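Enquirer: What follows is a structure written as structure tokens; I'll ask about it next.
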Amino acid sequence: MGNLKPSEAKPWLKYFPKDLPTEDMAEKTLYRCVYDRNKEYKDQPTISYFGNEITYGKFFDSVKTTAAALQKSGVKKGDVVTMCSVMLPEIIFLFYALDYIGATPNLIDPRYSTENVREYINRVESKLVVTIDAAYPRVAKSVIGTKAEKILVVSPADSMVGMTKVIYKLTNKDKNEYKSNVVMWKDFFASGKGTQAKEEPYDPNHVALIVYTGGTTGSPKGVMLPDKGVNSLAIQYSVNEFKRGDRFLNIIPPFVAYGFSCGIHLNLTLGIVCCVVPKFDAEKVGDLMVKYHTNHTACVPMHYQNMLKSPKLQNADLSFIVTTGCGGDAINTEAEKKVNDFLASHGCKSKLCKGWGMTEVSSTAATCTGDINKLGSVGIPLCMTTIGIFEPGTENELDYNTKGEVCICTPNRMLGYYNNPEESAKVLRKHSDGKIWVHTGDVGRMDEDGFIFIEARIKRIIIRHDGFKIFPFAIENVVAQHPDIAICSAVAMDDPEHAQGKYPRVFIVLKDDCTKSTEQVEKEVRELCEKNLAEYVQPYEYRFVSELPYTPTGKVDYRALELRA
């Protein structure tokens, strides 16, 4: 490799075939990306929803009808429509229909409070708001004082068929009292029939979707993802272990980048059947994979750890699983080993396929696949993506196995944060090499093979009074080795002995079958840490809790833990 920097040498490319996709393949609208790759397969299913197998032909027709209905209701190119819902076929139709006419979906969590929903509507000045019926009461109050003129209501029953639909309606009575500004999906969709919407051409500056950062390290920011960025992500996965006709379990909600980029667009683009599960129980991911016989899925670590406890999976044959995508949060090596052992003992040839990225790069920048997998690593860069490790705050790229800020150069990147050029400039930086690098705020290293190892968020690093830096993940990796611990999290606490600085505090959840006292477990954990961690890294305090707090997207809520006295 000579004197080349790691980002120039790109050692990870040895794992890819010679003929790789190119960026120009992504330069089209989202709708056209799906259509061009699947127009010859209109009789094949693309969305599976409670027994309703929606073919590509029906999908294309539904998108066009929805686009016509949007235009008839007054939505035009450049408008932003706020969508407050779980994942449903109607939400998918709307997503591509908005792209078809050059408009933009503003995706928000239906569990938000009335004030939160109003704030997000006002941010983008939406005139149309889409909501699931269960969230309508809050949304109806939220639009008061905004520019929203109409509310489109969708129901999980809209795309159900047969007895599934009958049973759902009998057991889920809609008791909402709808106002005159409401239109139901059935009527809205019918209004688009018999007319043709104008399809807007590809525009590199078109915002394909606005989705919000998790807010675990600050106020949520609206990330503007372009068509090319989301298309690039899907196209890069075409060299991985996906084949037409495979089935994907989609349990990720639409209001996170992971949900649409990986959960929907990647699958529709590559000819994979997307099994949509709108209401998800975090403890039943394995049960759902068996039920729908899905070959792929994308989850957060907590979901896989729950698989190990599922009674239904103890004797299940999981040989049909090809990839088990894992991202959104860190998983310690002990937990990773346990999941891998569980999968192998049930006939699955796949190890946990960890990935890493951020909302600002359409969700993913690096991933493991097949045998391209190292314990503790989040994988190698995607085939059109470059990753470099830089000295924080500089353009000085570091050598292999040296910790620094992980930065990404990729066609997946965002256009910027909505109406926030100052924050955009902090993340999107043009280096002296002429390339735009996404500064992630994550600390990690790259080995000689190009594998990325993430250590911590820069904002999560615990800095002691004496200036020593502590990486919480290093502590978690050791504490998790104790056989009676189900999960743990290390966060910063104020130094009780000095005017400044922090110490690590560890929150611990014990396994249900643990018979030891917390005092005994703490004694054993302290001995474990003293043996495996440097003196200055030793946790100051241990707290035993019944459960850890999680964000709406399934990540451990570190900020909530830090606020506990």
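The values are calculated or read from the model by the stated rules, or taken from the named source; none is laboratory data. Since the structure is predicted, the reported quantities are computational estimates derived from the model, not experimental observations. Cβ sites come from the backbone with ideal geometry, for glycine too, and all protein chains shown count toward neighbours.
Enquirer: When MET384 is evaluated against the numbered criteria (1) of a type outside the set (Gly, Ala, Ser); (2) surrounded by fewer than 22 Cβ atoms within 10 Å (Cβ to Cβ); (3) not in a loop (DSSP other than H, G, I, E, B), which criterion, by number, is the only one it fails?
Expert: Just one mismatch for MET384, condition (3).
Enquirer: While we're on this one: Of the numbered conditions (1) basic (Lys, Arg); (2) assigned to a loop (DSSP other than H, G, I, E, B); (3) over 22 Å from TYR15 (Cα atoms), LYS426 satisfies every one except a single condition; which is it?
Expert: Just one mismatch for LYS426, condition (2).
Enquirer: Out of LYS10, LYS39, LYS18, report the one residue that is farther than 17 Å from LEU266 by Cα and modelled with pLDDT of 95 or more.
Expert: On the way: LYS39 fails: farther than 17 Å from LEU266 by Cα; LYS18 fails: modelled with pLDDT of 95 or more.
The conditions single out LYS10.
Enquirer: List the residue pairs whose Cβ atoms are under 6 Å apart, where the first residue sits in the range 522-540 and is under 15 Å from LYS502 (Cα atoms), the second is hydroxyl-bearing (Ser, Thr, Tyr) and surrounded by 18 or more Cβ atoms within 10 Å (Cβ to Cβ), and the two are 6 or more positions apart or on different chains.
Expert: Final answer for the pair search is TYR540/TYR503.
Enquirer: If you go through the range 235-271 one residue at a time, how many are more than 23 Å from MET83 (Cβ to Cβ) and either in contact with a Pro (Cβ under 7 Å, 6 or more places away or on another chain) or of a type in the set (A, V, I, L, M) (or both)? Can you show your working first?
Expert: Keep residues of the range 235-271 that are more than 23 Å from MET83 (Cβ to Cβ), which gives 235-247, 270-271.
Then keep just the ones that are either in contact with a Pro (Cβ under 7 Å, 6 or more places away or on another chain) or of a type in the set (A, V, I, L, M) (or both); that gives 235-236, 238-239, 270.
Count: 5.
Enquirer: I need the strands (runs of 3 or more DSSP E) fully contained in the range 469-565, keeping only those with at least 3 residues that are not charged (D, E, K, R).
Expert: Values: elements: 485-494, 502-510, 541-544.
By residue number, 485-494, 502-510.
Enquirer: Quick one: in the range 473-495, of everything that is closer than 13 Å to TYR540 by Cβ and either without any contact (Cβ under 8 Å) to a residue 40 or more places away in the chain or among the charged types (D, E, K, R) (or both), which residue is surrounded by the fewest Cβ atoms within 10 Å (Cβ to Cβ)? Write out each step before concluding.
Expert: To start, the set of residues in the range 473-495 that are closer than 13 Å to TYR540 by Cβ comprises 475, 490-495.
After this cut, where a residue has to be either without any contact (Cβ under 8 Å) to a residue 40 or more places away in the chain or among the charged types (D, E, K, R) (or both) as well, the list is 494-495.
Working: ASP494: 15, ASP495: 17.
The qualifying residue surrounded by the fewest Cβ atoms within 10 Å (Cβ to Cβ) is ASP494.
Enquirer: Can you pull out every residue in the range 29-57 that is free of Cβ contacts under 8 Å to residues at least 24 places away in the same chain and outside any strand (DSSP E or B)?
Expert: Selection gives ASP36, LYS39, GLU40, LYS42, ASP43, TYR56, GLY57.
Enquirer: Among the strands (runs of 3 or more DSSP E) contained in the range 218-277, which hold 3 or more residues that are crowded, with 21+ Cβ neighbours inside 10 Å, hydrophobic (A, V, I, L, M, F, W, C) and modelled with pLDDT under 95? Explain how you work it out, then say what you get.
Expert: Numbers: elements: 222-226, 247-250, 273-276.
Strands (runs of 3 or more DSSP E) meeting the threshold: none at all.
Enquirer: Just give me the residues in the range 109-120 being of a type outside the set (D, E, K, R) and assigned to a loop (DSSP other than H, G, I, E, B), in sequence order. Give the derivation first.
Expert: So the first thing to find is which residues in the range 109-120 are of a type outside the set (D, E, K, R), and the list is 110, 112-114, 116-117, 120.
The answer is PRO110, TYR112, SER113.
Enquirer: Got a number for residues in the range 128-145 being part of a loop (DSSP other than H, G, I, E, B) and surrounded by fewer than 18 Cβ atoms within 10 Å (Cβ to Cβ)?
Expert: Within the range 128-145, the first condition is being part of a loop (DSSP other than H, G, I, E, B), and the residues that meet it are 143-145.
Pick out the ones that are also surrounded by fewer than 18 Cβ atoms within 10 Å (Cβ to Cβ) and you get 144-145.
Number satisfying all stated conditions: 2.
Enquirer: Which one of the conditions (1) modelled with pLDDT of 90 or more; (2) out of contact with any Asp or Glu (no Cβ under 8 Å at 6 or more places or on another chain); (3) aromatic (Phe, Trp, Tyr) does TYR202 fail to meet, given that it meets all the rest?
Expert: (2)
Here's the yes/no breakdown for (1) assigned to a helix (DSSP H, G or I); (2) in contact (Cβ under 8 Å) with a residue 60 or more places away in the chain; (3) not aromatic (Phe, Trp, Tyr):
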position: PHE59; (1), (2), (3): yes, yes, no
position: THR65; (1), (2), (3): yes, yes, yes
position: ALA69; (1), (2), (3): yes, yes, yes
position: LYS77; (1), (2), (3): no, yes, yes
position: THR82; (1), (2), (3): no, yes, yes
position: VAL86; (1), (2), (3): no, yes, yes
position: GLU90; (1), (2), (3): yes, yes, yes
position: LEU94; (1), (2), (3): yes, no, yes
position: ASP99; (1), (2), (3): yes, yes, yes
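Enquirer: Something else now. Could you check the range 9-28 and list, in sequence order, the residues that are closer than 27 Å to PRO204 by Cα, free of Cβ contacts under 8 Å to residues at least 40 places away in the same chain and not in a loop (DSSP other than H, G, I, E, B)?
Expert: Matches in the range 9-28: ASP24 only.
Enquirer: Please state which of the following conditions ARG123 fails to meet, knowing it meets all the rest: (1) more than 27 Å from the chain's Cα centre (by Cα); (2) over 25 Å from TYR49 (Cβ atoms); (3) outside any loop (DSSP other than H, G, I, E, B); (4) not aliphatic (A, V, I, L, M).
Expert: Failed condition: (1).
Enquirer: Mind checking which residues of the range 301-360 are of a type in the set (A, V, I, L, M, F, W, C), modelled with pLDDT of 90 or more and not in a helix (DSSP H, G or I)?
Expert: Of everything in the range 301-360, those that are of a type in the set (A, V, I, L, M, F, W, C), modelled with pLDDT of 90 or more and not in a helix (DSSP H, G or I) turn out to be ALA316, LEU318, PHE320, ILE321, VAL322, CYS348, LEU352, CYS353, TRP356, MET358.
Enquirer: Right, something else. Condition check: in contact with a Pro (Cβ under 9 Å, 6 or more places away or on another chain), small (Gly, Ala, Ser) and modelled with pLDDT of 85 or more. Does ALA492 satisfy that? Explain how you work it out, then say what you get.
Expert: Details: in contact with a Pro (Cβ under 9 Å, 6 or more places away or on another chain): yes; small (Gly, Ala, Ser): yes; modelled with pLDDT of 85 or more: yes.
It is true that ALA492 is in contact with a Pro (Cβ under 9 Å, 6 or more places away or on another chain), small (Gly, Ala, Ser) and modelled with pLDDT of 85 or more.
Enquirer: Does the range 308-319 contain any residue that is buried (at least 23 other Cβ atoms within 10 Å of the Cβ), free of Cβ contacts under 8 Å to residues at least 40 places away in the same chain and closer than 22 Å to ILE485 by Cα? Reasoning before the result, please.
Expert: As a first pass, look at the range 308-319 and keep what is buried (at least 23 other Cβ atoms within 10 Å of the Cβ): none.
No, every residue in the range 308-319 fails to be buried (at least 23 other Cβ atoms within 10 Å of the Cβ), free of Cβ contacts under 8 Å to residues at least 40 places away in the same chain and closer than 22 Å to ILE485 by Cα.
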